[in-house]
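What follows is one structure encoded as C-alpha cells, with my remarks underneath.
The values are calculated or read from the model by the stated rules, or taken from the named source; none is laboratory data. Keep in mind it's a predicted model, so treat the numbers as computed, not measured. Using ideal geometry, Cβ is built from the backbone for each residue, glycine included, and neighbour counts are taken over all protein chains shown. For accessibility, only protein heavy atoms count, side chains too; no ligands or nucleic acids. Shrake-Rupley method; radii C 1.70, N 1.55, O 1.52, S 1.80 Å.
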Amino acid sequence: MPSLHLFCRVIDNFGDIGVCWRLARQLVAEHGLGVTLWVDALASFQRLCPALDTSLETQQVEGVLVRHWREPFPGCSPGEVADIVVEGFGCHLPDNYLQAMAARPAKPAWINLEYLSAESWVDDCHLLPSPHPRLPLRKHFFFPGFTARTGGLLFERALDQAVNRFQADPNAAPAFLAALGLARRPGQRLLTLFCYPHAPLPALLSLLQEEGEPTLCVVAEGVASEAVGAFLGRAPRAGMQATRGALTLAVLPFLEQQDYDRLLWSADLNLVRGEDSFVRAQWAKKPLLWQIYPQDEAAHLVKLDAFLARYAAPLASGPGAALSAAMRGWNGQGIASADWRALWTPGAVASLRQHAASWAVALQQHGDLAGNLLRFTKESC
Ligand code: TRH
C-alpha cells in the first residue's frame, strides 16, 4: 500500500484542519494507506478531535500518524518521503522536504489540494500540472467541486446510509440531542448556528424572538460570542440557555467532528460557514444557509452566487428565490423578515427538504474526493 504525507497549515479557523483530518481518516479507513498528517496548530486540531494530545510531537489517532509540523522542518532523506504528497491548500512544503522529494529515485505524486468553489473555471483548472521552477518535480492542482470535471467532495463510503438510517429512526435525533442536554419541545424547530463574528446575527435573533413559531437555536461555544452573549446577558459558556419570546438559544461545547455531523442531520435548518461545515450540511440533506468566508474586494460574493446558481436552479421559483434572498441577506446586511417567512411556508419547507436530499444524491454521482484523488495519482502521476 502506498504511503501518503498530508501537510496542513492552519491559516485561521477550523476549515483547513477540518478538511485535512477528514481526508486523512478516510484514506486510512477506506483505502488502507499509511497516512502521516503534518499539522502546525495542534490546539485548533484538538477542538474538533479531542483525542489529540497537544503535548505530543508524534502520535497515532484513528490510524493516522499525526506529527506536529514545526519550523525548521526536521531533516529528511529521500527514503522518508511518501509515495503521495498532498499539500493542503497551497501551504508550501518545507524546502528540505522538497529537496528530498526531488532526490527520490521514483518521484512522489505531488498534489495541491485546493479550496472549494462552485465557479465554472474550476472545471478547466482541475488536474492542471505545474512544474517546479528549479527541481525535477511536478505538482497537480486538485480542485474539489460540484461537477463531474472536478475532484468531487469528501464523503465517506457509509455516510449516505448513516444519514438515511439516522433520519428514518424517530428516536435517533431526540436521543442524540438528549445526550447533549437538549430537549426539543413539540413544534419547536431546530436551527444550528455556525457563523463568523461579522454575521448579521443580532437581527436574526430579534426576528426569531418575534416569530410565531418556537425555535431552538444551538450554537457552539466560541462562535459569534458577542451577539450570543448579548442575547444571554452574560459571556457564553457551554450549557447556558436563555429564552426570549419564541426563541431559545442554547450554547453547546464545540463538538467532536462526527458529533457535529449528527447535529446537522438532526436540524430543520443549518446555518454553516467556510468550507467543511458547508459541505457536511449538504450531506445532511437539510436546508442550509451558508455564510461564505469573506475575501478582499467581495470576491466571495461571486463564489456565493456561483453556488446559488447551481443549488437553486432546480428549485421552483418561490422557494428558490426565498433561499437565494435569505442567503444573500445572511452574507450582507441581514435576512429580511419577508424572505425568512417565505422559507418557512409549508410548501417551501417541503420543497427545500426534498431538494436537499436529491442534491446530495446527485453530488455523489461525481465520486468521493479521496477516491478520485487516489485514482488520479495511480493513473497519471
Ligand atoms: O472554521 P471555518 O470558518 O474554516 C474556514 C474555511 O474553511 C475557509 O474556507 C478557509 O479559508 C478558512 O477556514 C481558513 O469553517 P469550516 O470550513 O466549516 O470548518 C469548521 C470545522 O469545524 C469543520 O470541520 C466542522 C468543525 N466543527 C466541529 O467539529 N465541531 C463543532 O462544534 C463545529 C461548530 C464545527
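Listed values, structure above:
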item	result
Mean-position separation - Cα centroids, the stretch 149-206 and the stretch 30-102, in angstrom	31
Per residue value of the accessible surface for the stretch 272-381 (all protein chains in place, 1.4 Å probe), Å²	42
All-pairs Cα distance distribution in the stretch 120-175, expressed in whole percent, bin size 5 Å	4, 16, 14, 12, 11, 11, 10, 7, 6, 4, 3, 1
Cα-based shape type of the stretch 159-364, given that a ≥ b ≥ c are square roots of the gyration tensor eigenvalues and the cut on a/c is 1.5	rounded
Cysteines in the chain that, by Cβ-Cβ distance, have no pairing candidate under 4.7 Å	CYS49, CYS76, CYS91, CYS125, CYS195, CYS217, CYS381
Over the stretch 159-364, relative contact order from alpha-carbon pairs under 8 Å, at least 6 apart, %	19
Whole-number percent relative contact order across the chain, with pairs defined as alpha carbons under 8 Å at least 6 apart	14
Three-way shape label, the stretch 18-135, alpha-carbon gyration tensor, a/c 1.5	oblate
With every protein chain in place, the chain: carbon and sulfur % of accessible area (1.4 Å)	55
Point-charge dipole on Cβ atoms (K/R +1, D/E -1) for the chain, about Cα centre, debye to 20	500
Rounded FRET efficiency, nearest 0.05, which uses the C-beta distance separating ARG149 from ASP305 and R0 of 25 Å	0.80
Heavy-atom accessible area per residue - the stretch 147-244, 1.4 Å, Å²	49
Lysine pairs with alpha-carbon atoms under 30 Å apart, the chain, spacing 8 or more or separate chains	6
R0 of 30 Å, Cβ-Cβ distance GLN354-ASP12: FRET efficiency to nearest 0.05	0.25
The chain: radius of gyration over Cα atoms, expressed as a fraction of 2.2 N^0.38 Å	1.02
Listed residues VAL19, VAL219, VAL302, most fluctuating in the chain (Gaussian network, C-alpha, under 10 Å)	VAL302
Full-stretch length increase - SER380, ALA106 - with 0.36 nm per residue and alpha-carbon distance subtracted	97.2 nm
